[in-house]
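Throughout, read-outs are computed from the coordinates displayed, never taken from laboratory work. Only a predicted model underlies this, so the values are computations on that prediction, with no experimental measurement involved. Methodologically, a virtual Cβ is constructed for each residue, glycine included, from the backbone with ideal geometry; neighbour enumeration extends over all protein chains shown.
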Amino acid sequence: MNMLMLLLRNLARGPSTDAFPFGDTFTPERLRGRIRFDPVLCTGCRLCAHVCAGDAIHFDETDEGLRFTLWHNTCTFCGLCEHYCQTKAIRLTDDWHLAHLQQDKYAMIEQGVVASAACAECGSRMTAPVPALTALAYRAGNRRIEHLQTLCPDCRRKAGVKGGRS
């Protein structure tokens with residue numbers, strides 16, 4: 001008799017679980033989900049690829065610049081890439097909807113191209129400077145810093161030695 005009462009009470013209350021996948025469900029605060037990459041903020045330091053626990057982040061040199069690729073199938077969503085990214089070009093979102101068919105596994109990627117620029121001195125290709133970061137780090141209008149940003153690391157080193165001696 002107690003079993004029948006329990007069954008009727010549970011039927012009257014309705015389901016005690018979420019309606020997912022047929023309806024919306026609760027997303028916990030600070031959930032680490034799909035990763036978003038902003039190539040405009042990236043400086044190409046590649047620290048994210050170095051600390052990636054799942055080896056999901058790769059950089060390739062292309063004619064357009066430095067191509068960032070993140071494989072969501074390999075990502076462990078540990079958050080190390082976001083933690084170590086100085087410019088906040090990598091962000092973990094609360095989007096956890098990553099279920100997919102087996103044949104779509106190679107489409108589960110996040111890509112972006114970090115623009116390249118030519119060195120003002122020697123013309124070699126380098127990662128383009130991030131103007132927003134410079135404005136935050138230095139006073140606006142500092143011509144020396146603006147000039148150094150247009151130089152590749154080798155030319156910047158040479159300019160620094162020249163500037164230090166005079």
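Quick look at the numbers
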item: Local electrostatic count, Lys88, Cβ distance below 9 Å [Lys/Arg +1, Asp/Glu -1]; result: -1
item: Estimated inter-spin distance, Glu121 and Arg30, nm [label 7 Å along Cα→Cβ]; result: 4.5
item: Sequence-separation-based contact order of the chain, relative, with Cα cut under 8 Å and 6+ spacing, percent; result: 23
item: Inter-label distance for Thr69 and Lys158, nm, one decimal - labels placed 7 Å from Cα along Cα-to-Cβ; result: 3.5
item: Ellipticity estimate at 222 nm from DSSP helix runs (n ≥ 4, -39,500 (n - 2.57)) divided over the chain, nearest 500; result: -8000 deg cm²/dmol
item: Stretch in the chain that is longest and holds no GluC sites (Glu not before Pro) that DSSP places in a loop and that have at most 13 other beta carbons within 10 Å; result: 65-166
item: Gyration tensor (alpha-carbon) shape descriptor, the range 1-73, a/c threshold 1.5; result: prolate
item: Farthest toward positive dipole pole in the chain [+1 Lys/Arg, -1 Asp/Glu at C-beta], among His147, Gly112, Ala19; result: His147
item: Hits among lysines - C-alpha to C-alpha of Lys88 under 29 Å, sequence gap 8 or more where chains match; result: Lys105
item: Rg followed by Dmax, in Å, when the chain is reduced to its Cα trace; result: 24.5, 97
